[in-house]
Amino acid sequence: MGNNPDGANTVDLLESGGVDYEQALSLTGFGWFHYRLLALCGLIYANTAIGVTIISFVLPSATCVFQMTSEDKGWLTAAPMLGMVIGSYFWGCLADTKGRRVVLIVALLLDGIIGILSTASQKFPLFMFLRFINGFAITGAMGICFPYLGEFQPTAYREKILCWMELFWTLGIIVLPCIAWLVIPLDFRFQSPSGFLFSSWNLFVALSAIPSLLLGLWLLYFPESPKFLIECGEEELAIEILKDMYHINTGCVRDDYPITGLKEREKGNTIMETHKRSIRTFSMHKPKHMKILLGEIWEQTKALCGPQFRRNTVLACMIQFGITTSYYTLMIWFPELFGRFEEYEKRYPNASVSVCDVSSVVLENVNGTLVDDFCGTEIDTKVYWHTLLLGFACIPTSFWLPLCVHRLGAKFFLIFSLMVAGAVTVGLSYVHNSTQNLLLSCIFEALTSMGISTVYCVMVDLFPTNLRVMAAALSLTCGRGGALLGNILFGFLVDLNCSIPVVLFSAMLFGSAILCFFLPNTGSKALE
């Protein structure tokens, strides 16, 4: 059962001439509704971890099917990132005009449907295109689940609740190799007379797409963000949602909720003030309405780049670029590097070699062709185990962040995680066996994933409601653009001179850590 609001405080608030949104939200208590919402948004975030990193397990299995070179693998890993670059701002604009909930539903269902369709692809270009669409869809869920969750939280709980999302990302990182380990090694292969081939790795991709569909359907039972509805001028509907929250959290009757109206805002939504109607009532199929919506999006974009928010916008974009480029590139390629180490150590059991030298031994890339004896659908079981350890390594930081964020502050976690991760990235150049590579990879994964989740938490506090998702989307666009560039570069350089990307990624992490010093302190103020 949730917390009951204090009766005397409620009377004082009502007698003082009404309450603002933050006070009305506090009066709903904190309980079962918030726990359910955290579970939903957390599983969505875990699902995005699966969607982003699934390609890392597909690479070894699909190498022979599509006859991929290292450059082809670079393009395949980059395809979802390109979808994220294009999709981030699209979904952000849509969420700030049509609502958080509806966009989350559409993005999740699209990701699930396309994920299942991609399993039937028999050609490399088609498979790469469908993974591009998956990236386009999953970034909508990733960019919106934090603001959606944060706008339901009272100030006293918001930062800590958002930080618990890191634990769900860890869950996704752990679950994915478990599914891969169970499914990909299966002796399963179906081939029709027409040549259609469906094997265990196709089944793995299909199973990984199902959670998106289930989460999209579960989201139908949750309300739109009342904070967003108030911004749109739909105060009555927002209060009805607050009544439902009050009933679920406290067990009291809905009508006992003491708030019937909110203080008038100093400045409302531009469309509400001009056209006296909610922005959600404008149809994207009508040219006149579309012109109004595009005008509003342009005004919001200008506001993000205006004097009031320019500093925070630039900082958020640059930090996202640095950390995301490094994290998503190395995280996607870690299973591939683990596989190359295992292959090398099988051939030369007692030899010592660096991560930059192992590729040239295992994959002698001559004129862009593959070495035949490395081509195969089987992945060494140690690769699954090593990738699983990456997830387990995140568990301590996943608890450390939410339990200590109020004491140490989000800025501390950002700076600490990025500085140490930068040093670990430099250390990857000096490893001489798979054990050392695994140890540094675990530290890198634990710290950078914590840093990324903390950035999302901070973003909720940096911008007001009408700009919050769009600002997050703009920073995500910069981050995914960096990840796209990083995956392409890594695919080309890993077999030529991997010292260059290692130095580049470490420099980006150190640079992002320095930029974090200029971020304002967050978490103690009510949402604007």
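From the list Val431, Val426, the one residue that fits, being closer than 19 Å to Leu509 by Cβ and open to solvent by 10 Å² or more (accessible area, probe 1.4 Å), is Val426. Regarding region 216-235, can at least one residue be identified that is within 29 Å of the chain's Cα centre (by Cα), farther than 22 Å from Val106 by Cβ and either at pLDDT below 85 or surrounded by 13 or more Cβ atoms within 10 Å (Cβ to Cβ) (or both)? Looking for residues that are within 29 Å of the chain's Cα centre (by Cα), farther than 22 Å from Val106 by Cβ and either at pLDDT below 85 or surrounded by 13 or more Cβ atoms within 10 Å (Cβ to Cβ) (or both), one finds at least one in region 216-235, hence yes. Would you mind stating whether Val362 is modelled with pLDDT under 65 and open to solvent by less than 10 Å² (accessible area, probe 1.4 Å)? Taking the combined requirement at face value, the residue satisfies it. Residues in region 238-249 that are open to solvent by 20 Å² or more (accessible area, probe 1.4 Å) and out of contact with any Asp or Glu (no Cβ under 8 Å at 6 or more places or on another chain): Glu240, Asp244, His247, Ile248. From the residues in region 1-45 that are at pLDDT below 60 and charged (D, E, K, R), which one is nearest to Trp169 (Cα to Cα)? Going through the qualifying residues, I end up with Asp6. The set of residues in region 100-118 being open to solvent by less than 10 Å² (accessible area, probe 1.4 Å) and more than 30 Å from Asn466 (Cα to Cα) consists of Gly115, Ser118. Taking region 89-119 as the range and being of a type in the set (Ser, Thr, Tyr) and closer than 30 Å to Ala62 by Cα as the test, the residues that pass are Ser118, Thr119. Does Ile297 qualify as being open to solvent by 20 Å² or more (accessible area, probe 1.4 Å), at pLDDT below 75 and within 24 Å of the chain's Cα centre (by Cα)? Yes: the conditions hold for Ile297. Taking residues in region 124-139 that are free of Cβ contacts under 8 Å to residues at least 24 places away in the same chain, and partners anywhere that are assigned to a helix (DSSP H, G or I) and open to solvent by 40 Å² or more (accessible area, probe 1.4 Å), the pairs with Cβ atoms closer than 7 Å and at least 6 places apart or on different chains are Leu130/Leu117. Would you say Val420 is modelled with pLDDT of 80 or more, surrounded by 24 or more Cβ atoms within 10 Å (Cβ to Cβ) and among the β-branched types (Val, Ile, Thr)? Answer is no for this residue.
Scanning region 28-49 for residues that are among the hydrophobic types (A, V, I, L, M, F, W, C) and surrounded by fewer than 23 Cβ atoms within 10 Å (Cβ to Cβ) gives Phe30, Trp32, Phe33, Leu37, Leu38, Ala39, Leu40, Leu43.
Taking the numbered list (1) in contact with a Gly (Cβ under 7 Å, 6 or more places away or on another chain); (2) open to solvent by 40 Å² or more (accessible area, probe 1.4 Å) in turn, Lys73 passes all entries but (2).
The values are calculated or read from the model by the stated rules, or taken from the named source; none is laboratory data. Predicted, not measured: the structure shown is a model, and the values here were computed from it. Note: ideal-geometry Cβ built from the backbone for every residue, glycine included; neighbour counts use all protein chains shown. Quick note on the areas: whole protein, heavy atoms, side chains included, nothing else; ligands and nucleic acids left out. Shrake-Rupley method; radii C 1.70, N 1.55, O 1.52, S 1.80 Å.
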